[in-house]
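What follows is a short report on a single structure.
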Amino acid sequence: MSVAADMTDMTMTTSVPETDRDLFRTEYSVEERERMLARMKEVRDSFYAAAVRVGLHQFIEFAGFMGEFIKICESMHRDGVDFGTNDLAPKDYQMMYVAEKFDCIFGEALMKPEMREAFIGTLALKGGWKP
C-alpha cells in the first residue's frame, strides 16, 4: 500500500471545513475539541506509520512533534480551555521536548548563526521572543 493510500484511507471523525473561514476558526465547543483530538491522534498515527516506511529518522521525528502538540491540547482541554486559539499553554518540559525534536530534525543547521537568526526572527515577527 502506498503512503498516499495510507493517508487517505484514515477514518476521520470530523467533517472537512466547508469554507476558508472555517479553517481559521478559533473557538470550538467541548464536543468539537474532543472530535479534533481524536482526529489529530489518527493523523499522527497514520503519519508515523508512513514515516517509518520512508525510513528517515528526521522525518519520523515530526510524529513526536505532533504528539507533543496533541498532549498540550489535551491538557488545555482537560482544564476547560479552548486550544483553538494561538495562545497555547505548554509546560516548560514540553517546550524542551519540542526543542529536542527540532534538534533531531534540523541538527547542526540551527547552530549556524544565520539559520538561528532566521528561525528566531520569524518567531519575533509573530510577537514572540526577540534576540
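Observations, loosely collected:
- Against the criterion of being closer than 26 Å to His57 by Cβ, modelled with pLDDT of 90 or more and either surrounded by 12 or more Cβ atoms within 10 Å (Cβ to Cβ) or not polar (S, T, N, Q) (or both), Met111 does not qualify.
- Options Arg25, Arg21, Arg116; residue that is of a type in the set (D, E, K, R), surrounded by 13 or more Cβ atoms within 10 Å (Cβ to Cβ) and either within 13 Å of the chain's Cα centre (by Cα) or at pLDDT below 90 (or both): Arg116
- Of the helices (runs of 4 or more DSSP H) entirely within region 55-126, those holding at least 1 residues that are among the charged types (D, E, K, R) and touching a Lys or Arg at 6+ places or on another chain (Cβ under 9 Å) occupy 57-78.
- Every residue from region 66-96 that is under 25 Å from Thr26 (Cβ atoms) and of a type in the set (Phe, Trp, Tyr): Phe69, Phe83
- Test: residue in region 94-106 that is in contact (Cβ under 8 Å) with a residue 40 or more places away in the chain, surrounded by 13 or more Cβ atoms within 10 Å (Cβ to Cβ), acidic (Asp, Glu) and farther than 21 Å from Ala50 by Cα: no
- Unique residue being part of a helix (DSSP H, G or I), aliphatic (A, V, I, L, M) and at pLDDT below 70 when the list is Ala38, Ala49, Ala4: Ala4
- Only one of the listed residues (Ala51, Ala63, Ala38) is surrounded by fewer than 16 Cβ atoms within 10 Å (Cβ to Cβ) and free of Cβ contacts under 8 Å to residues at least 40 places away in the same chain. That residue is Ala38.
- Ile72 surrounded by fewer than 16 Cβ atoms within 10 Å (Cβ to Cβ) and touching a Pro at 6+ places or on another chain (Cβ under 7 Å): no
The values are calculated or read from the model by the stated rules, or taken from the named source; none is laboratory data. What you see is a predicted model; the values in this text were computed from it and never measured. Don't worry about glycine lacking a Cβ; one is built from the backbone with ideal geometry, like all the others, and counts go over all protein chains shown.
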